[in-house]
Amino acid sequence: MAEGAAEAPAESGGGGDSGASAPERGVAPIKAQYLTTKEQFHEFLEAKGQEKPSQEPEAGDPGGNDLVEPEAKRIRLEDGQPGEAAERGEQPQVQKRARGQNKGRPHMKPTQYDKNRLCPSLVQESAAKCFFGDRCRFLHDVGRYLETKPSDLGPRCVLFETFGRCPYGVTCRFAGAHLGPDGQNLVQEEWVRAPPVRNGLDKALQQQLRKRKVRFERAEQALRQLNQGQVPGPAPAAEIPKGAEAESTPGQDSGDTGQDGGDTGQDRVDTQQAPPGPDAGGLPSGSVWTRGPLTDEDVVRLRPCEKRKLDISGKLYLAPLTTCGNLPFRRICKRFGADVTCGEMAVCTSLLQGQTSEWALLRRHQCEDIFGVQLEGAFPDTMTKCAELLNRTIDVDFVDINVGCPIDLVYKKGGGCALMNRSAKFQQIVRGMNQVLDVPLTVKIRTGVQERVNLAHRLLPELRDWGAALVTLHGRSREQRYTKLADWQYIEQCVTAASPMPLFGNGDILSYEDANRAMQTGVAGIMIARGALLKPWLFTEIKEQRHWDISSSERLAILQDFTRYGLEHWGSDTQGVEKTRRFLLEWLSFLCRYVPVGLLERLPQRINERPPYYLGRDYLETLMASQKAADWIRISEMLLGPVPPDFVFLPKHKANAYK
């Protein structure tokens, strides 16, 4: 899950005295000449850096309230604060303080352009007529569509320049770059190439999943053995029907009958035993007899000892970050030196249902040389079947189980952190998935569920025996969330408990000094989560062992690359542009907490220190430090053009920003 920040008061500590010498606890130590007040900060931004802010706050808004906040956010009361009910003499209702995700935000998207959408059959220039005919709710008149279509956002189309053809045709918001004089979609034949993204969902497979016609033989075999209390072995090529043992004779040829341990044909001949007669007491525990010729499936299948090894010790691992850990963001981190990447958490039940939005989380760019996917689920059957499905349909280097998600939506269903207290189900999930996967299986856990009840040191030896190739330990409990720093002393203790299985550590790494201290605990490597959201160039800093005083123009160039990658990934039509904008704004809600190196009194910036109000070395640097959603939207307009009139944005993790 996406990481929040350590707890700190919600309001800024800049205060009225911009030259306070004693640093406030939990506040980043910025040089006095850059500090300012909240009123002066926003006055400077409103003046667009042309005028020096006055020293007196505006009389109309003495509290510096954020006028772009929706009404529900302005009137919300803290615990114990009297409101209108108290003025009327009524008993005030105590409202629980909001924790976790910002669930009260309005889920709105631009709709004015959806009223006159062009039919996909015309967009894709299909020779066939519209499948829905007269019942189609989309436009079939290109001229009428162009009359209502908003103006282009720029003269250059990323998709056309990258792939030689834009699949969005006239609906592209940069269509002028690839439309001919008669409105035809131009194609540069010498540039045309397939998008460098793998792990897409095939339409035929999606239909089979929706109709529940996909069979999971290996998963069902492993689940049967787990239900019988056996350690699952590799699934056989074919099972003998009941009573078939009586048809076998002790002198049967060894090539037809043997003890199937999942080995290759040569090993099977060496280890085969005579089948039991009619009076035999039954098959050995964990063994299944097979009959028939040796098939290609038997030869190709790997034994557990022959599984591909996951050797990533000492590498920098980008954590699977929900919402912000999308493919364009991972491309940014790969460019700055991330070695291992992992897709966002995908829910197993949604994958088994063939949901397109969930399968999109599994997509992999060609630059991701070591890539895994993270699965979330609460039950062995869905997790094992999903693992078998992914094993034969997508290209990954490892599969990770999410046992660290703290949110109620997952926890109350028995998934995420709840699996740490459900050891029987946890064991079945790990053993079952490990059995059906041909790639290594990894697990991400927390220290425990309750703050002072650590469970990881007890689970790690069991995970090693169950078949996990690697475990990542986040140094906080579910109950703790981000109210305290990660417990790296406990992670150091867990390294011994996990040995010889490699253990990665995760938590509070925002500089190369933090990374060096983490590696001194003996972990095999480190996973970086919030640190990458605040400064994706952190991977470069760690590898080069330096602090990078990156300029505001360089940071804007990173955002420009993100928008280019986003348009490639989500599309260049109106929906794709606004989806790119939404994910850009989600990322900006974290980026605003970065404090430039040149402004700090001491290095490095710590992850639990919030920045006070300060004026940067130029206007853009100041704008990027704003924590107002309206200013983030202003930055997005620099990159993606003006927002639609009905566009509303509240960050998903705003309520979790400093908790």
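When C136, C342 are compared by accessible area of protein heavy atoms, the largest-first order is C136, C342, using a 1.4 Å probe. The chymotrypsin sites (Phe, Trp or Tyr not before Pro) found in segment 514-615 include none that occupy coil by DSSP while having at most 13 further C-beta atoms within 10 Å.
Under the combined filter of DSSP loop state and at most 16 neighbouring Cβ atoms within 10 Å, segment 157-226 retains these GluC sites (Glu not before Pro): E189, E190. Sorting E344, E554, E541 by accessible area puts them as E554, E344, E541; the probe is 1.4 Å, largest comes first, and only protein heavy atoms count.
Residues in segment 184-200 carry Karplus couplings, in order, of 7, 7, 6, 9, 9, 4, 6, 9, 4, 8, 6, x, x, 10, 10, 6, x Hz; the curve used is 6.51 cos²θ - 1.76 cosθ + 1.60 with θ = phi - 60°, and Gly or Pro positions show x. Considering only alpha-carbon pairs that sit under 8 angstrom and 6 or more positions apart, the relative contact order computed for segment 392-444 is 48 percent.
A 1.4 Å probe run over the protein chains yields, for segment 540-613, 32 Å² of accessible area per residue, whole-number rounding. Loop-resident trypsin sites (Lys or Arg not before Pro) (DSSP state other than H, G, I, E or B) in segment 439-536 with no more than 10 further Cβ atoms inside 10 Å of their Cβ: R452. Within the accessible surface of segment 128-194, defined with a 1.4 Å probe on protein heavy atoms only, the carbon and sulfur portion equals 53 percent.
The residues of segment 152-211 present an accessible area of 56 Å² per residue when probed at 1.4 Å with all protein chains retained. Pairs K31/K484; K203/K425; K334/K535: which are spaced more than 24 Å apart, C-alpha to C-alpha? Pairs exceeding the cut-off: K31/K484; K203/K425. Only protein atoms count toward the accessible area here, which uses a 1.4 Å probe; on segment 451-522, the carbon and sulfur part of that area reaches 45 percent. With only Cα atoms counted, segment 326-419 has Rg and Dmax values of 13.5, 39 Å. Which distance in Å, rounded to a whole number, links the C-alpha centroids of segment 543-583 and segment 421-492? Cα centres, segment 543-583 to segment 421-492: 33 Å. Over segment 135-210, Cα pairs under 8 Å with separation of 6+ residues give a relative contact order of 24 percent.
On a per residue basis, segment 371-530 carries 32 Å² of accessible surface, using protein heavy atoms and a 1.4 Å probe. 3J(HN,Hα) along segment 527-540, derived from phi through the Karplus expression 6.51 cos²θ - 1.76 cosθ + 1.60 where θ = phi - 60°, amounts to 9, 10, 10, 4, x, 6, 6, 6, 8, x, 7, 4, 4, 5 Hz, with x in place of Gly and Pro.
The values are calculated or read from the model by the stated rules, or taken from the named source; none is laboratory data. Nothing here was measured: the structure is a model prediction, and the numbers come from that model. Positions of Cβ are generated from backbone atoms using ideal geometry, with glycine treated the same way; all protein chains shown enter the neighbour counts. Just the protein is used for accessible areas: all its heavy atoms, side chains included, with ligands, DNA and RNA removed. Shrake-Rupley method; radii C 1.70, N 1.55, O 1.52, S 1.80 Å.
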